[in-house]
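Below is one structure; the comments refer to it alone.
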Amino acid sequence: MLTDNQRKKIKPISVFLFLILCQSLVFPQVSDVQKTLRIKLWAPMDENPGAEISSSDTSYGTSIRSLKKTAPFLLTGMIYGWKFEYTPSDKTRNVAEYFSLEPVAEISENDPNITFTDSAFLESRVYCWLEYSRTNEMMIYRQRWNSIKYPRVSGFGESGKIDSVEAIKEAITEAAKNAIRSYAQTLTKNKPKEVSGTILLKDFDPNIKIIKGNFTAYLDFFLYVDKIIQYSQY
């Protein structure tokens, strides 16, 4: 059992540690693990994802180039997001569907913070880890998106393009469009003329696969709708 003198010595230390803990809760310190994104990527050894490839195939160069081109697109979607414009198709008004994605800010293929590690060949694919060290500004931007005021939406997309980079981009774009379309249907009773806003990839482990020779993407997003224009406004 502690004596009174021992309690007196321990109390100030306990209060000091408590204050430090409170301060850390108010001003969280970002660790290297949190600042550095580590994302598992893969690319097919052949531009035709449905083709049979032997383990003796040496076309690593094409796969590596594909990974280097895919990485900035994914990082842009995870760190900054994309601005979008969506016009639903309307047969009665003879309006064709339109959808566009533009990066809020773009990460370059030559960004020095991009690193590829632990590459491996397995079952006609090249796998690697993509590592990216985020700035504090990037961290703060992401934390704002984690706010509950931004809804989480999901969408599925696929692409039959042969080029793996373009196929992945198309599948992700299609998934974003379908997520936005599904959410927009809950906002208005009548089909809107145009919906615009920003969308951000929610997960750092994008669900991208090859199914029956097509690239597919089932993804979760944060969504911010900036504007909804109704036909009745004109």
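Bins of 10 Å, beginning at zero and ending with the bin holding the largest distance: percent of Cα pairs per bin for segment 70-189, please.
11, 33, 35, 17, 5, 0
Can you compute the label reach from Phe156? Point 7 Å from Cα along the Cβ direction, backbone N cut-off under 13 Å, restricted to segment 211-234.
211-212, 216-219
Could you list, in their original order, any pairs among Lys40/Lys149; Lys169/Lys193; Lys35/Lys212; Lys69/Lys149; Lys91/Lys202 whose Cα atoms are separated by more than 31 Å? Please list the in-between numbers first.
Working: Lys40/Lys149 29 Å; Lys169/Lys193 25 Å; Lys35/Lys212 37 Å; Lys69/Lys149 33 Å; Lys91/Lys202 33 Å.
Violating the 31 Å Cα-Cα cut-off are Lys35/Lys212; Lys69/Lys149; Lys91/Lys202.
Enumerate by residue number the trypsin sites (Lys or Arg not before Pro) in segment 141-234 meeting two conditions: DSSP loop (anything except H, G, I, E, B), and at most 11 other Cβ atoms within 10 Å of the site's Cβ.
Passing sites in segment 141-234 are Lys149, Lys189, Lys212.
Segment 70-171: which GluC sites (Glu not before Pro) are DSSP loop and have at most 11 other beta-carbon atoms within 10 angstrom?
Sparse-neighbourhood loop GluC sites (Glu not before Pro): Glu97, Glu123.
What number, in nm² with one decimal, is the all-direction average of the projected area of the convex hull of the alpha-carbon atoms of segment 115-184?
Across all orientations, segment 115-184 yields a mean hull projection of 7.1 nm².
Within a Cβ distance under 10 Å of Phe116, other residues only, what is the Lys/Arg minus Asp/Glu net charge?
Combined, the nearby Lys, Arg, Asp and Glu give -1.
Once R0 is set to 30 Å, what does the formula 1/(1 + (r/R0)^6) return for the Cβ-Cβ distance between Asp90 and Lys149, expressed as a FRET efficiency to the nearest 0.05? Working shown, then result.
On the way: r = 30 Å, r/R0 = 1.00.
That gives a FRET efficiency of 0.50.
Please compute the length gained on full extension between Arg38 and Ile211, using 0.36 nm multiplied by the number of residues separating them and subtracting their Cα-Cα distance.
Working: separation 173, 0.36 × 173 = 62.28 nm, distance 2.49 nm.
This chain segment gains 59.8 nm when fully extended.
Bear in mind that the values in this text are calculations on the coordinates, not laboratory data. Because the structure is a prediction, the values reported are computed rather than measured. Positions of Cβ are backbone-derived with ideal geometry, glycine not excepted, and every protein chain shown enters the neighbour counts.
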